[in-house]
Amino acid sequence: MKIPFTKMHGIGNSYIYINAITHEFDASTFNELAKDVSNVHTGIGSDGLIVIHSSDAAEIGMRIFNKDGSEGQSCGNGLRCAAKYAYEHQLVASSLFQIETKAAIVTVEVYGDRACIDRVTVNLGSPSLNRSSIPMIGPDDNQVIAERFDVASHALNVTGLFLGNPNALFFVEAIEEAPIHELGALITDDPRFPDRVNVGFIEIISRNEMKYSVWERGSGVTEACGTGASAAVVAAVLNGFIDKGTDVTVHLSGGDLDIQWADDDHVWMTGPAVTTIQGVFYWKRQALKE
Ligand SMILES: N[C@@H](CCC[C@H](N)C(=O)O)C(=O)O
């Protein structure tokens, strides 16, 4: 079966995008398709699969599947790329429009002319801060801010929150020393997080600049995670390192994002969106309905 695809990335966080508006897909194949396209040896190579689909609630909808086939609720870097794709392919009329995700309906704005969008802003909405909304198991339903978190032989402090996806955030002195490879897989699958969790490490540089590294739920280490970086800014405010309403530059392995947790409680993220490949994936299974 030949599946038309576009490969795009937001600061190195790459996904294979398929258009379920112009093609009718069998949705039961998406988990397996995500694993197969992501494989760098036998597929295309990516952090997962993003399906752009029609929506009754917004101009378009988007679903995100990780490298291991699991489905996430949102994707910050993917939203910027889906917005670019939708505008350039004339799936939407205006440069300001809404995208439905499993987590929320978010507003996006693309910048540039229709042939070449290079930057996109996403309003991710308000973070959910109570323990049950992460979700995380624990003694109460309070906010989880710098709470003692023992894992392996490490005594860490975790700040937890939901912003499009569940996030567990840890502050470190130097990002190069973050125990991401040692602890990423352990924390993402820790039973205290019943839906699993994205694991982020943050180094504060100043009151408007930070570094952030991530172990993504379902994909492992990636170059960047847009919802995770946005959650990291919220965590930095909750811990008193940054003031709410400040424009923050977040440095990730793949590049920079501009993020603000605004006074109206919405989190705004701006960054690039890039198309790298368009092609046809030859898949062993039937995915398109004929
Ligand atoms: N890379 C994404 C997040 C993708 C989903 C995540 N791994 C999850 O399952 O929660 C981003 O840019 O936000």
Review point. When you look at residue 194, is it within 14 Å of the ligand (Cβ to nearest atom), free of Cβ contacts under 8 Å to residues at least 60 places away in the same chain and in a loop (DSSP other than H, G, I, E, B), yes or no?
Key: yes
Requiring at least 2 residues that are buried (at least 24 other Cβ atoms within 10 Å of the Cβ) and within 13 Å of the ligand (Cβ to nearest atom), the strands (runs of 3 or more DSSP E) wholly within the range 215-285 are 248-252, 255-261, 267-272
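Condition check ((1) more than 11 Å from the ligand (Cβ to nearest atom); (2) touching a Ser or Thr at 6+ places or on another chain (Cβ under 9 Å); (3) in contact (Cβ under 8 Å) with a residue 12 or more places away in the chain; (4) in the same structural domain as residue 259 (by TED's automatic domain parsing)) across all residues:
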site: 40; (1), (2), (3), (4): yes, yes, no, no
site: 44; (1), (2), (3), (4): yes, yes, yes, no
site: 76; (1), (2), (3), (4): no, yes, yes, no
site: 80; (1), (2), (3), (4): no, yes, yes, no
site: 86; (1), (2), (3), (4): yes, no, yes, no
Take the conditions charged (D, E, K, R), in contact with a Pro (Cβ under 7 Å, 6 or more places away or on another chain) and under 21 Å from residue 225 (Cα atoms) and apply them to residue 195. Does it pass? yes
Tell me, yes or no, whether the range 203-214 has at least one residue that is in contact with a His (Cβ under 6 Å, 6 or more places away or on another chain) and crowded, with 17+ Cβ neighbours inside 10 Å. yes
Within the range 1-46, residues being in contact with a Lys or Arg (Cβ under 8 Å, 6 or more places away or on another chain) and of a type in the set (Val, Ile, Thr) number 3
Taking the range 251-278 and keeping only residues that are free of Cβ contacts under 8 Å to residues at least 60 places away in the same chain and over 27 Å from residue 6 (Cα atoms), one is left with 260, 262, 263, 264
Inside the range 39-61, the number of residues satisfying the requirement of being under 16 Å from the mean Cα position of the chain (by Cα) and among the hydroxyl-bearing types (Ser, Thr, Tyr) is 1
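The values are calculated or read from the model by the stated rules, or taken from the named source; none is laboratory data. The structure presented is a predicted model; accordingly, all values stated were derived computationally and were not measured. Counting neighbours? That spans all protein chains shown, and the Cβs are built from the backbone with ideal geometry, glycine included.
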